[in-house]
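Everything on this sheet refers to the single structure shown next.
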């Protein structure tokens, strides 16, 4: 998909959301995902999410989020949000959903909460 000014802006918002999530995790849970944060800053959020999806198994940070019951802050959960889905292929979205569901995460409930107004 060719990048338009609109998709570039959307990709930037996605990156900012991921970095905001990193700050919340550090502040509220004492977990700073330094490697993930570096990857997002270096490649941008969309490409970082794709790189993590292509990795075998799950990244260490994903496991930490699972242990802290914070998978809603994962790049996989963020990319499934309605506002960002167009940045990814259907196969990437399916893989993200599967990874979350394999770890007992209720994707549909999470999406309902994140798409509620206010």
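Can you compute the label reach from residue 13? Point 7 Å from Cα along the Cβ direction, backbone N cut-off under 14 Å, restricted to segment 89-116. The answer is 115-116. Taking 17 Å as the cut-off, the amide N atoms of segment 1-23 that come nearer than this to a point 7 Å along the Cα-to-beta-carbon line of residue 91 belong to 1-2.
Hey, for a label at residue 69 modelled as a point 7 Å past Cα toward Cβ, could you say which residues of segment 15-35 have their backbone N under 15 Å away? Answer for this model: 29.
Note on the chain: Kirkwood hydrodynamic radius from all Cα pairs is 14.4 Å, rounded to one decimal.
Values quoted throughout were computed directly from the atomic coordinates according to the rules given, and no laboratory measurement underlies them. Remember, it's a predicted structure, so these values are computed and weren't measured experimentally. Please note: Cβ atoms are built from the backbone with ideal geometry, for glycine as well, and neighbour counts cover all protein chains shown.
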